[in-house]
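Read the structure below first, then the notes.
The values are calculated or read from the model by the stated rules, or taken from the named source; none is laboratory data. Remember, predicted model here, so these are calculated numbers, not experimental data. Positions of Cβ are generated from backbone atoms using ideal geometry, with glycine treated the same way; all protein chains shown enter the neighbour counts. SASA here: full protein model, heavy atoms, side chains in, ligands and nucleic acids out. Shrake-Rupley method; radii C 1.70, N 1.55, O 1.52, S 1.80 Å.
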Amino acid sequence: MLGGKYDYNQDRERRAGVDDMVFMSKNTDSEISHNLKIRFDVNYIYTYIGSVLIAVNPYKNVEYCRENHMEKYRGATQMDNAPHIFAIAEDMFSNMLIDSEKQCVIISGESGAGKTVSAKFIMSYIAEVSGGGPNVQRIKNVILQSNPLLEAFGNAKTIRNDNSSRFGKYVEIQFSRGGEPTGGVISNFLLEKSRVVSQAENERNFHIFYQLLSSREFCQQYSLSHELRFQYINHAEAIRVAKIDDVKDMHDTQHAMDTIGLSKEIQHNIFSLLAGILHLGNVQFGDKNNYATVLSERDLQAPCAYFGIQMDYLKTKLISRRLEFKEHQENKQVDQTFTVDKAIFTRDALAKSIYSRIFDHLIQAINSAFQAIARSDLSIGILDIYGFEIFDRNSFEQFCINYVNEKLQQIFIELTLKKEQEEYKRENIQWTPITFFNNIVVCDLFEAKQPPGMFLLLDDICASAHATTEKVDKSYLNRLSGLSNAHLIVSPPTFTVKHYAGAVSYHSDQFCEKNRDVLNIDLIEMMQSSTIPFVARLFPEQIATMKARPTTVGTKIRTQANALVEKLMACQPH
């Protein structure tokens, strides 16, 4: 090593292949793959394509990604050292200070590609190289401790990845002119709530449930045990994962909660609610004259205790709802009793709503702890969002996830291929134009207003249809059939979208129900009656002023995605 940096010539043999693939003589798919493989075979996972860093996930810890290697990249340019994510982080940090410009890093890739750990490397590097006193150290601690906390509540084992992010986040860290972190804010996107109540084969629920079950103390406190089969985590073979230490992770989660300022009482409230969700999933229903009944009132005891609500109240609201109507200009009410299927749907909707509200509360708590010491226009944004997904069975969740990835691909095209070639044109540089697929046509298929795209058609069906879920989903497929787009093929009960990353077939069942995502007012009022103040605060809705037509999930994710794009385009991207 020379002057604390890599000696390029001495290191050349270990760094096999080409460091920066812009300098390859042939830029074919096979040559690019071959170069990445040569480097991967000698345990080197990073390679540049110009300013873009390619990372190939080794699914193991790599020695040169540890903290003791950070110093080699401090103050260095990208060309001084081997390709590395620390070089990208250093480039962002130094550019922010030199140019007084907001910076961001867009981390993209398919599910399991290593996006979350890459985001953690960047956060760790920035925390290491930025200065600070006691207040700054507090902000740094929040930056670092937000990771284990959000991973516990937002990540899960999938068939692709033992620690898959089931939500998206954009972390914006604010800095003083001297490069000290002064505050920040986290925006979150589309938590996969459906995982709370069901998981695919060989997958797990969110990590936090298994962390709770790993603690003998918590099991005794919240009436939990591995022997008791919980319907919401009923894949026994998936409970233990070799690379996951639930006991250690539970300690890390509690430490993170302490760091961001959650009191022991609030922590207890959160764990109680999680236990209540598990017990709620074990409430079973029977059929009596085509109406649902709760099979065992004993199953209601635990969730009622942990939610702080009356047992009769929960029993009634799981199997019925109050309908209001006008008759002879008088307001009247009647109780509508559910079928078994509707009762199961209601139980699951309550569990998902409680969990997502806990998650939102944690985001708010982190942002409160992040509160800026002083106002600043300098910031670094880190986008860690779910990767493109293609499963054997793809539903509304994958539909939304892949839409967001299309939007990110559009940014990538704008900022690299398109922008670069337009610059060549302006400067009269002779080059062979690179042809590329501009996925704007796929983005329009999702979000166009005229003619209406798939999201608007879905919203329209949800607003106008009151038939059974099955009939509503069929109506949606019929409307999709009327769209004229080469990237859409409708073949009931599925429709296929030709994405930039490949064709994906989506099963239309429950698309409309998942898009509505409405918790009925009776359940909101029931949770507001909780004797536990924290639980009641999670349901702050003003019933009298609630909209007759709430905002759909599709509208929310579309709005969030476009706001995210605006935010990213206002930064210098990496």
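Which of the lysines could be linked to LYS26 by a straight reach, that is with a Cα gap under 27 Å, when you skip same-chain ones fewer than 8 residues away?
Of all the lysines, those that pass the test against LYS26 - Cα under 27 Å, at least 8 places apart if same chain - are LYS37, LYS418, LYS419, LYS425.
Whenever you get a sec, line up LYS37, LYS449, LYS193 from highest to lowest accessible area (probe 1.4 Å, protein heavy atoms).
LYS449, LYS37, LYS193
Checking the cross-link filter: which lysines have an alpha carbon closer than 26 Å to that of LYS474, excluding same-chain neighbours under 8 positions apart?
Qualifying lysines at Cα under 26 Å: LYS193, LYS342, LYS352, LYS449, LYS498, LYS514, LYS556.
Can you give the angle from 0 to 90° between the axis of helix 454-464 and the longest principal axis of the chain, with both taken from C-alpha atoms, to the nearest 10?
10
Identify which of the listed values of Cα Rg over 2.2 N^0.38 Å was calculated from the structure shown: (i) 1.22; (ii) 1.05; (iii) 1.30.
(ii)
Using a/c under 1.5 as the rounded threshold, could you call the stretch 408-562 rounded, prolate or oblate? The axes a ≥ b ≥ c are square roots of the C-alpha gyration tensor eigenvalues, and prolate needs a/b larger than b/c, oblate otherwise.
Details: a/c = 3.32, a/b = 1.76, b/c = 1.89.
Here the stretch 408-562 falls in the oblate category.
Read phi for every residue in the stretch 189-199 and hand back ³J(HN,Hα) as whole Hz from Karplus 6.51 cos²θ - 1.76 cosθ + 1.60, θ = phi - 60°, with x for Gly and Pro.
10, 6, 4, 7, 5, 4, 5, 4, 10, 7, 9
Assigning unit charges at the beta carbon (Lys, Arg +1; Asp, Glu -1) and nothing else, what dipole magnitude in debye, to the nearest 20, does the stretch 178-228 show about its Cα centre?
Working: 4 positive and 6 negative charges, 19 e Å.
In debye, rounded to 20, the stretch 178-228 gives about 100.
Per the 1.4 Å probe, what fraction of the accessible area of the chain, in percent, lies on carbon and sulfur atoms? Before the final figure, lay out each step's value.
On the way: 13680 of 27710 Å².
Reported share for carbon and sulfur atoms: 49 percent.
Using θ = phi - 60° and the Karplus curve 6.51 cos²θ - 1.76 cosθ + 1.60, what whole-Hz ³J(HN,Hα) does each residue of the stretch 55-62 get, with Gly and Pro shown as x?
For the stretch 55-62, the Karplus curve yields 10, 9, 5, x, 6, 7, 6, 10 Hz.
Going by alpha carbons, how many degrees (0 to 90, nearest 10) lie between the helix axis of 264-280 and the longest principal axis of the chain?
It is inclined by approximately 60 degrees.
Determine which lysines satisfy two conditions relative to LYS140: a Cα distance under 24 Å, and not lying fewer than 8 residues away in the same chain.
LYS72, LYS102, LYS115, LYS120, LYS169, LYS248, LYS264, LYS567
Measure nothing but the geometry: give the 0 to 90° angle between the long axis through the Cα atoms of 298-307 and the longest principal axis through the Cα atoms of the chain, rounded to 10°.
That works out to roughly 50 degrees.
Give the residue from MET311, PRO148, ILE363 lying farthest towards the positive end of the charge dipole for the chain; charges sit on Cβ (+1 for Lys and Arg, -1 for Asp and Glu) and the dipole is referred to the Cα centre.
Value: MET311.
Which Cys in the chain stand alone, with every other cysteine's Cβ at 4.7 Å or more from theirs?
CYS65, CYS219, CYS304, CYS400, CYS443, CYS462, CYS512
Run the dipole for the stretch 357-410 about the Cα centre, Lys and Arg Cβ at +1, Asp and Glu Cβ at -1, nothing else charged, and hand back the magnitude in debye, nearest 20. Write out the running numbers ahead of the final one.
Details: 4 positive and 7 negative charges, 41 e Å.
The dipole of the stretch 357-410 has a size of about 200 debye.
In debye, nearest 20: dipole of the chain around its Cα centre with unit charges on the Cβ of K, R (+) and D, E (-)?
Values: 62 positive and 69 negative charges, 127 e Å.
Dipole magnitude for the chain comes out near 620 debye.
Once you order the gyration tensor axes a ≥ b ≥ c over the Cα atoms, which shape class does the stretch 343-494 get: rounded for a/c under 1.5, otherwise prolate or oblate by comparing a/b with b/c?
Numbers: a/c = 2.68, a/b = 1.18, b/c = 2.27.
Oblate.
Mind running the shape call on the stretch 277-345? Use the C-alpha gyration tensor, a ≥ b ≥ c as the square roots of the eigenvalues: rounded below 1.5 for a/c, prolate if a/b tops b/c, oblate otherwise.
Values: a/c = 3.10, a/b = 1.70, b/c = 1.82.
Judged from the Cα gyration tensor, the stretch 277-345 comes out oblate (a/c at least 1.5, b/c at or above a/b).
Projected onto the charge dipole of the chain (+1 at Lys/Arg Cβ, -1 at Asp/Glu Cβ, origin at the Cα centre), which of ALA113, ASN405, THR469 gives the Cα projection farthest towards the positive end?
About the Cα centre, the residue reaching furthest to the positive side is THR469.
Using a simple spin-label model with points 7 Å from Cα along the Cα→Cβ vector, what separation in nm is obtained for ARG375 and SER198?
If labels sit at ARG375 and SER198, their model points lie 5.0 nm apart.
Which one of GLY281, GLN199, ILE270 is farthest out on the positive end of the charge dipole of the chain, using unit charges on Cβ (Lys, Arg +1; Asp, Glu -1) and the Cα centre as origin?
GLY281
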